[in-house]
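Encoded as structure tokens, the structure appears first; notes follow it.
Read-outs throughout are calculated quantities, based only on the coordinates presented, and are distinct from any laboratory measurement. Source: prediction; values computed, not measured. Backbone-built Cβ (ideal geometry, glycine too); neighbour counts: all protein chains shown.
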Amino acid sequence: MAQELLTTFDDEITSLSLIPASGGLFEVHANEQLLWSRKQEGRFPDITELKQLVRDVIAPDKSLGHSEKKSDKTAQSER
């Protein structure tokens, strides 16, 4: 997941830290904001979900191309 984030946000991410922890801890923070917590969600995110969460904080105008999930409103307007 770290490599996917670095590849997708190569111009936006200046550093990425992996901090070893015990007990299955998995958290993703961006700009001092908690974006994902395995403990809170009860699962790991899929990569598309994680990319969108990160994008919304660090590069809201960036398109994620084919991995972009359409909002319900956009999907309805295309029907």
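Can you say whether PRO60 is part of a loop (DSSP other than H, G, I, E, B) and touching a strand residue (DSSP E or B) at 6+ places or on another chain (Cβ under 7 Å), as far as the supplied structure shows?
Numbers: part of a loop (DSSP other than H, G, I, E, B): yes; touching a strand residue (DSSP E or B) at 6+ places or on another chain (Cβ under 7 Å): no.
Taking the combined requirement at face value, the residue does not satisfy it.
Could you figure out which of (1) under 26 Å from HIS66 (Cβ atoms); (2) part of a loop (DSSP other than H, G, I, E, B) isn't true of VAL28?
(2)
Looking only at the range 1-35, count every residue that is more than 17 Å from ALA59 (Cα to Cα) and in contact with a strand residue (DSSP E or B) (Cβ under 6 Å, 6 or more places away or on another chain) and tell me the total.
Residues that pass the stated criteria total 1.
From (1) at positive phi; (2) surrounded by 15 or more Cβ atoms within 10 Å (Cβ to Cβ), pick out the condition that doesn't hold for GLY24.
The number of the failed condition is (2).
Which residues, counting only those in the range 1-18, are surrounded by fewer than 10 Cβ atoms within 10 Å (Cβ to Cβ) and part of a loop (DSSP other than H, G, I, E, B)?
Those that are surrounded by fewer than 10 Cβ atoms within 10 Å (Cβ to Cβ) and part of a loop (DSSP other than H, G, I, E, B): ASP10, ASP11, THR14, SER15, SER17, LEU18.
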